[in-house]
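Trainee: Sharing a structure here in structure tokens format.
No lab work stands behind these numbers, since they all come straight from the coordinates. All values reported here derive from a predicted model rather than from experimental measurement. Neighbour counts are summed over all protein chains in view; Cβ atoms, including those assigned to glycine, are modelled from backbone coordinates with ideal geometry.
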Amino acid sequence: MNPSFQNIQGTFDVLPDSYTADGNRIESSSAWRDVEGGIREVMRRFNIREIRTPVIEPTELIARSVGQASDIVTKEMFAFSRGDTNYVLRPEVTASVMRSYLQHHLDQKGGCQRLFYVGPCFRAERPQKGRYRQFHQFGVEIIGSDDARADSETIFSMIEVYRTIGLRKFKLRINSLGDIESRSRYRAALRTYFQPHVSILSETSRNRLESNPLRILDTKIEEERALLVDAPVLMDYIDDSSRDHFEDVKKQLQSLEIEFEVDLMLVRGLDYYSRTTFELDSPLLGAQSALAGGGRYDGLATEIGAKKDVPAVGFAAGMERLMLALAAEQIEFSDDRSVSVFFVGVGEQASDWVVRHAGEVRRKGVSAAFDLKGRSMKAQMKEANRLNAERVVIIGDDELEKGSVPVRDMNTGEQVQIDMKHLISHLT
Ligand code: HAM
């Protein structure tokens, strides 16, 4: 077969069995289900409930949330228009969750909203290992509390997902960006600091000097990194109440025995953050090492039209990166290939018998399979092996005549002769 169509670069098919494409290992659909099951189990423990929002949103929502000057909005959006409406395939989910919270007045439900999501996101980035154009995020948003315990609760739920699924090697870094005023004081300080060195800066960083100098701290360029050594640090500019809040978050994490490192240079690529920010990295992922990231975004609601601030904190994690990290730690995924009973039928009459009896077994809740291509007995036995069948029933004209069939236990190799009248109860 010579397919004329291929999936779009940076996207991939999840198949029943794992495979490798462009150097990326793509796990099986059952591995995906296992991981999603682990996420849902942890969410249940934390009393965090699911929200599902559309994958298309108004472009303006994302531009105002993630930030006009951010990489996502300037370069990475899959955006299109129909009539007067501008749409974007969501590059992340936080903006959608806040939109939904405001639209459905979830604040009136009492307490705070503890929400999680799992689903696809889209960014037009240059595809490479761990970085795709369609990828999947799971995330948590706790909306309605400015308490430091909401921050530690978010981080704890994130860590618990990784721990429950079996990942061992990851590192948590945290920082605080302070409130809006402290960040604007810090921006001014950064501009003053970088100004005399402008000739060393790359074009991207020179643009960022105006739009968002905090992002220069993210640079990977050697000469620019050297400049960062003496750059002012945000912690010296943040307001007292944010500083106290950060101390509280650290205390909460310590009491939960969550290991972390304070990284004063941790700024995030999205504009809506204030106060706490954090990132979880895996040492095994190479260039795209961020497993998950998040933080507090108390100002986002007003940015998208709310009359007053709504305190909120959350994280999102890349499912593909989690899968890559699990594979790198050699954690095995389960396999859903196996069936309980395989029916081998030789001859036309036997084949009809197989269809009926496999049907009865399935109706009783036991999995059963048989050949659909009229193949030889040898080929059918091979198929039974491939499917890890626990038992094989072998039927041909002789058996039909005798009224009894051999049932083979594929683990022990033992074979018993069963009267057809008792076969279904024997198998189920
Ligand atoms: P983000 O850091 O942009 O944050 O993305 C979160 C995670 O999504 C990353 O750490 C990474 O694992 C995964 N990810 C991002 N882009 C790609 C890509 N192109 N391919 C594969 N994986 C990717 C957010 O999206 C925020 N909404 C997080 C948040 C939630 N903040 C508060 N609440």
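Trainee: Identify, among Q128, V341, V262, the residue whose Cα sits farthest towards the positive end of the charge dipole of the chain, taking +1 on the Cβ of Lys and Arg and -1 on the Cβ of Asp and Glu, with the dipole about the Cα centre.
Mentor: So the residue furthest toward the plus end is V341.
Trainee: Pick from T59, T94, T74: which residue has the top mean-square fluctuation in a GNM of the chain where Cα pairs under 10 Å get a spring?
Mentor: Most flexible of the set in this elastic network: T74.
Trainee: Below 8 Å between Cα atoms, with a sequence gap of 6+, how large is the relative contact order for the chain in percent?
Mentor: Answer for the chain is 15 percent.
Trainee: Turning to a different aspect of this structure: For a quick check of your reading of the filter: which chymotrypsin sites (Phe, Trp or Tyr not before Pro) in the stretch 5-58 sit in a DSSP loop and have no more than 16 other Cβ atoms within 10 Å?
Mentor: Qualifying residues, ordered by number: F5.
Trainee: Given the pairs K169/K250; K251/K308; K171/K308, which span a C-alpha to C-alpha distance of over 24 angstrom in this model?
Mentor: Over 24 Å apart, Cα to Cα: K251/K308; K171/K308.
Trainee: Note down the nm distance, to one decimal, between modelled labels 7 Å out along Cα→Cβ at R45 and at D244.
Mentor: Roughly 3.3 nm, to one decimal.
Trainee: Work out which trypsin sites (Lys or Arg not before Pro) in the chain are exposed loop sites (DSSP not H, G, I, E or B, at most 14 other Cβ within 10 Å) and give the longest gap free of them.
Mentor: Between exposed loop sites, the widest span is 53-167.
Trainee: Let me ask something else. Please list the equivalent ellipsoid semi-axes of the stretch 316-375, computed as the square roots of five times the alpha-carbon gyration tensor eigenvalues, in descending order and whole angstrom.
Mentor: Its equivalent ellipsoid spans semi-axes of 39, 13, 9 Å.
Trainee: To continue, here is another question. Tell me, I8, I51, I174, I62 in order of fewest to most beta-carbon neighbours within 10 Å?
Mentor: Ranking I8, I51, I174, I62 by Cβ neighbours within 10 Å, fewest first, gives I8, I51, I174, I62.
Trainee: Using 0.36 nm times the number of residues separating D397 and R362, minus their current alpha carbon distance, what extension gain do you get? Spell out each step's value before the answer.
Mentor: On the way: separation 35, 0.36 × 35 = 12.60 nm, distance 2.35 nm.
The span from D397 to R362 would gain 10.2 nm if fully extended.
Trainee: Show which lysines lie in cross-link reach of K75 when reach means a straight Cα distance below 23 angstrom and same-chain residues fewer than eight apart are skipped.
Mentor: Cα-Cα hits under 23 Å: K129, K220.
Trainee: Further, regarding this structure: Provide, in order from the shortest bin, the percent of all Cα-Cα pairs of the chain in each 10 Å bin, continuing until the bin that contains the maximum pair distance.
Mentor: Per 10 Å bin, starting at 0, the Cα pair percentages come out as 4, 18, 24, 20, 13, 9, 7, 4, 1, 0.
Trainee: For the stretch 120-258, what is the Kirkwood estimate of the hydrodynamic radius, computed as the reciprocal of the mean inverse distance between distinct Cα atoms, to one decimal in Å? Write out the running numbers ahead of the final one.
Mentor: On the way: mean 1/r = 0.0556 Å⁻¹.
Mean inverse Cα-Cα distance, inverted, gives 18.0 Å.
Trainee: Can you list, bin by bin at 5 Å, the percent of alpha carbon pairs in the stretch 229-299, starting at 0?
Mentor: 3, 12, 21, 26, 20, 12, 4, 0
Trainee: Rank E160, E36, E348 by mean-square fluctuation in a GNM of the chain with C-alpha springs under 10 angstrom and give only the top-ranked residue.
Mentor: So, out of E160, E36, E348, the one fluctuating most is E348.
Trainee: Taking the 0 to 90 degree range and rounding to the nearest ten, how far is the long axis of helix 377-386 tilted relative to the main principal axis of the chain, both from C-alpha atoms?
Mentor: 30 degrees
Trainee: Could you work out the per residue convex hull volume over the alpha carbons of the stretch 358-403, in cubic angstrom?
Mentor: Each residue corresponds to 93 Å³ of Cα convex hull volume.
Trainee: Let me check against my output: what whole-number percent is the relative contact order of the stretch 196-273, with C-alpha pairs under 8 Å and at least 6 apart?
Mentor: 34 percent
Trainee: Here is a follow-up. Please enumerate, by chain and number, the lysines with C-alpha under 22 Å from the C-alpha of K382, excluding those fewer than 8 residues away in the same chain.
Mentor: K373
Trainee: Distance between the C-alpha centers of the stretch 48-81 and the stretch 226-269? Whole Å please.
Mentor: 27 Å
Trainee: Here's another thing I want to ask about it. Of the candidates Q68, Q128, Q108, which one comes out as most mobile in a Gaussian network treatment of the chain with C-alpha springs shorter than 10 Å?
Mentor: Q108
Trainee: Moving to a separate point now. Using the beta-carbon distance between K421 and S351 and R0 = 25 Å, what value does 1/(1 + (r/R0)^6) give for FRET efficiency, to the nearest 0.05?
Mentor: According to the calculation, E is roughly 0.75.
Trainee: Amide H of D371: which non-local residues (sequence gap of 5 or more, or other chain) have their own amide H closer than 5 Å, using H built in the peptide plane?
Mentor: The answer is G345.
Trainee: In degrees, nearest 10, range 0 to 90: what is the angle between the Cα axis of helix 240-255 and the longest Cα principal axis of the chain?
Mentor: Its long axis makes an angle of about 30 degrees.
Trainee: Nearest 10 degrees, 0 to 90: what angle lies between the long axis of helix 319-328 and the longest principal axis of the chain (Cα atoms)?
Mentor: Helix 319-328 and the main axis of the chain meet at about 70 degrees.
Trainee: A further question follows. How many percent of Cα pairs in the stretch 111-201 exceed 19 Å?
Mentor: 67 percent
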